[in-house]
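Enquirer: Got a structure for you, questions after.
The values are calculated or read from the model by the stated rules, or taken from the named source; none is laboratory data. Small disclaimer: the values here were computed from a predicted structure and weren't measured. Here the Cβ is made from the backbone with ideal geometry for all residues, glycine too, and neighbour counts use every protein chain on show. All accessible areas refer to the heavy atoms of the entire protein, side chains included, with ligands and DNA or RNA removed. Shrake-Rupley method; radii C 1.70, N 1.55, O 1.52, S 1.80 Å.
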Amino acid sequence: MAVALEDLKFTLQEVLDTFKSCLSEHKEVFLEHYVAGWRGLVRFMNCLGSVFSFISKDAVNKIQILVNHLNGENGAHYVTIQSMVKYELDSQLVDLTKRGSFPESGCRTLLRLHRALRWLELFLERLQTSTEDSNTSVMCSEAYNESLAQHHAWIIRKAAGTAFWALPGRATFFDVMNVGSPEQVMAVLGDTLPLISEVYQVTEDLYAQNNILELP
Ligand SMILES: CCCCCCCCCCCCC/C=C/[C@@H](O)[C@H](COP(=O)(O)O)NC(=O)CCCCCCCCCCCCCCC
């Protein structure tokens, strides 16, 4: 029952709001909220059709790895992304140069979602400046080519590129977002984009400082 009610009041606004609660006043990123934000995004993507299920499967898999860390016996080290990075690096729990003993480290797993967050940022920026006749598939693939694609093998790029053509048009896309009129969609985007960008940038800086932006 609780789940059904939650589904009923689902709107993209809430998902985007979750990203707002990610940052502490000291600019630490709470992993629990970060993961909750991703859960919501995946839920949204699932509403767009089954051609995206290979993408959501991978995202769900990665979300689950992080949740397992959070709920595991060392969960206290996983409260923020900052504490996770410190803990895993100090304890040598990360494969730094090639895949080996730690294929499910929090650091490498989160890095994949982090790169996808850049795609989201670029895509939402495009949506925000789009007009009625803008093409969502084009916006999506441009955002992808500028971000995630650079980290994907060609077979994945090909599959992703094909899926993007199945995206609904802008009007339907806005309906699925379920935040109201196009003007309200724009307002939500205007509110939220800076926060997503900030979460992205804080994470990017942290990974750069620790030299872990290219984890295998
Ligand atoms: C709205 C349409 C959704 C477009 C989604 C764009 C992202 C396309 C990503 C294609 C990933 C294909 C699946 C496989 C990926 C993995 O190979 C690859 C590498 O992992 P590995 O190092 O463990 O092997 N994984 C990844 O890069 C992580 C991908 C995570 C993708 C999450 C995408 C969530 C999208 C949420 C859409 C929400 C839209 C909201 C708009 C208002």
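Enquirer: For the list (1) touching a helix residue (DSSP H, G or I) at 6+ places or on another chain (Cβ under 7 Å); (2) closer than 27 Å to Leu167 by Cβ, I need the number of the one condition that Gly49 fails.
Expert: Single failed check for Gly49: (1).
Enquirer: Being more than 8 Å from the ligand (Cβ to nearest atom) and assigned to a helix (DSSP H, G or I) is the filter here; which residues of segment 62-77 pass it? Spell out how you get there, then give the answer.
Expert: Filtering segment 62-77 down to residues more than 8 Å from the ligand (Cβ to nearest atom) leaves 63-77.
Within segment 62-77, Ile63, Gln64, Ile65, Leu66, Val67, Asn68, His69, Leu70, Asn71, Gly75, Ala76, His77 qualify.
Enquirer: Let me spell it out: the conditions are (1) in contact with a Gly (Cβ under 9 Å, 6 or more places away or on another chain); (2) open to solvent by 20 Å² or more (accessible area, probe 1.4 Å), and Ser53 meets all of them except one. Which number is the exception?
Expert: It is condition (1) that Ser53 fails.
Enquirer: Something else: I'd like to know if segment 31-38 contains one or more residues that are within 11 Å of the ligand (Cβ to nearest atom), open to solvent by 50 Å² or more (accessible area, probe 1.4 Å) and more than 20 Å from Pro216 (Cβ to Cβ).
Expert: no
Enquirer: Mind listing whichever residues of segment 187-212 are touching a residue at least 12 places away in the same chain (Cβ under 8 Å), of a type in the set (A, V, I, L, M) and open to solvent by 50 Å² or more (accessible area, probe 1.4 Å)?
Expert: None; the set is empty.
Enquirer: State all residues of segment 106-121 that are closer than 14 Å to Val199 by Cα and more than 7 Å from the ligand (Cβ to nearest atom); if no residue qualifies, say none.
Expert: Residues satisfying the conditions are Leu110, Leu111, His114, Leu117, Arg118, Glu121.
Enquirer: Which residue pairs have Cβ atoms under 9 Å apart, sit 6 or more places apart or on different chains, and have a first residue in segment 41-65 that is acidic (Asp, Glu) and a second that is in a helix (DSSP H, G or I) and within 6 Å of the ligand (Cβ to nearest atom)?
Expert: From residues that are acidic (Asp, Glu), the pairs are Asp58/Arg112.
Enquirer: With the structure loaded, tell me whether Val94 is among the β-branched types (Val, Ile, Thr), surrounded by 16 or more Cβ atoms within 10 Å (Cβ to Cβ) and in a loop (DSSP other than H, G, I, E, B) or whether it fails that test. Steps first, answer last, please.
Expert: Details: among the β-branched types (Val, Ile, Thr): yes; surrounded by 16 or more Cβ atoms within 10 Å (Cβ to Cβ): yes; in a loop (DSSP other than H, G, I, E, B): yes.
It is true that Val94 is among the β-branched types (Val, Ile, Thr), surrounded by 16 or more Cβ atoms within 10 Å (Cβ to Cβ) and in a loop (DSSP other than H, G, I, E, B).
Enquirer: Additional query: Being in contact (Cβ under 8 Å) with a residue 24 or more places away in the chain and away from the ligand (no atom under 11 Å from the Cβ) is the filter; apply it to segment 134-151 and report the residue that is least open to solvent (accessible area, probe 1.4 Å).
Expert: The qualifying residue least open to solvent (accessible area, probe 1.4 Å) is Ser134.
Enquirer: Okay, moving on. Which residues, counting only those in segment 152-168, are more than 8 Å from the ligand (Cβ to nearest atom), small (Gly, Ala, Ser) and open to solvent by 40 Å² or more (accessible area, probe 1.4 Å)?
Expert: Selection gives Ala166 alone.
Enquirer: Could you tell me whether any residue of segment 83-100 is in contact (Cβ under 8 Å) with a residue 40 or more places away in the chain and in contact with a Lys or Arg (Cβ under 8 Å, 6 or more places away or on another chain)?
Expert: yes
Enquirer: Starting from segment 170-184, keep only residues that are within 11 Å of the ligand (Cβ to nearest atom), then list their pairs with residues that are open to solvent by 70 Å² or more (accessible area, probe 1.4 Å) and at pLDDT below 90 whose Cβ atoms are within a distance under 7 Å, requiring at least 6 positions of separation or different chains.
Expert: These pairs meet every condition: Val176/Cys47.
Enquirer: Would you check which residues across segment 97-115 are part of a helix (DSSP H, G or I) and open to solvent by 20 Å² or more (accessible area, probe 1.4 Å) and list them?
Expert: Correct list: Arg108, Arg112, Arg115.
Enquirer: Given the conditions (1) part of a helix (DSSP H, G or I); (2) touching a residue at least 12 places away in the same chain (Cβ under 8 Å); (3) among the polar types (S, T, N, Q), report the number of the one that Ser130 does not fulfil.
Expert: The number of the failed condition is (1).
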